[in-house]
Amino acid sequence: MVARWMNVGQASGPKVVVVMHPIEAGRAITADQIKTIAWPSSDVPQDAFNRTSDVAGRISHVSMIPGEPVLPGKLAPKGSTGGLSSIIPAGKRAITVKVNEVIAVAGFALPRSYVDILVNGKDTNKQPFSRTVLSRVKVLAVDQVTTGSPDKPKLVNAVTLELTPHESEKLDLARNIGRLSLVLRNDLDTTRENSTGVRLSDIVNPRGTTTSSPAKAAFSRQSLGPEEIRGTSRQHVANP
């Protein structure tokens, strides 16, 4: 698709503003990052800009690559000052949580990736548990960086996440009752987790299995009374 955009520069038709150099989300677009090219009349993107002066100085709401047409939906509202607040969609919030290199998926949780959030804590009976509290959460920034390369994982101290107001409340409570972990997921996977969580008994004694410890076996033999051993045979005898 990008190749098609780049090739239309030789066509005759109305002018369309396209990206000439990469544009980062949350940054003001400079005049040298954009240009106008002729676009086939039958294929002009809806609401496309035709003058660079209408775009220069505006804040980009998303990252854009060379050859891409600049459209109104890709720009933050006029008057935006840039930064993280400019890339938060309407109705969403940004909340930052502290992490370490292990919890942050060893640096692979990058801006625009998606994660599930787990909390590991203890219930009202002081029993350990782990549960997915939020599913398919978008990462807005790592530390203070809103862009990142999947080929260059970065160890960070904090991750900023895009949430609804209610999800923000859940995360705020979760991080106060236990340790949070991030689980990286495929960008195209839109499924939502609806897990009841895992408890200690699910690990040390999974459902459908039985345990038999030496102490338990010894107790069982004692409960059956004294034993008489003859050679290699063993049998229980009645209590006197």
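The values are calculated or read from the model by the stated rules, or taken from the named source; none is laboratory data. Note that this is a predicted model, so its numbers are computed, not measured. Cβ sites come from the backbone with ideal geometry, for glycine too, and all protein chains shown count toward neighbours. Quick note on the areas: whole protein, heavy atoms, side chains included, nothing else; ligands and nucleic acids left out. Shrake-Rupley method; radii C 1.70, N 1.55, O 1.52, S 1.80 Å.
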Picked from the stretch 23-69 (must be among the β-branched types (V, I, T) and out of contact with any strand residue (DSSP E or B) (no Cβ under 7 Å at 6 or more places or on another chain)), the residue surrounded by the fewest Cβ atoms within 10 Å (Cβ to Cβ) is T30
Reported set for the stretch 173-205 where residues are touching a Ser or Thr at 6+ places or on another chain (Cβ under 9 Å) and in a helix (DSSP H, G or I) is V204
Output for Cβ contacts, cut-off 8 Å, separation at least six or different chains, first residue modelled with pLDDT under 85 in the stretch 90-101, second open to solvent by 40 Å² or more (accessible area, probe 1.4 Å), reads K98/N157; V99/N157; N100/N157; E101/L155
Counting only residues in the stretch 162-199 that are open to solvent by 100 Å² or more (accessible area, probe 1.4 Å) and among the aliphatic types (A, V, I, L, M), the one nearest to A109 (Cα to Cα) is identified as L188
Only one of (1) modelled with pLDDT of 85 or more; (2) farther than 18 Å from N157 by Cα; (3) surrounded by 19 or more Cβ atoms within 10 Å (Cβ to Cβ) does not apply to L118, and that is (2)
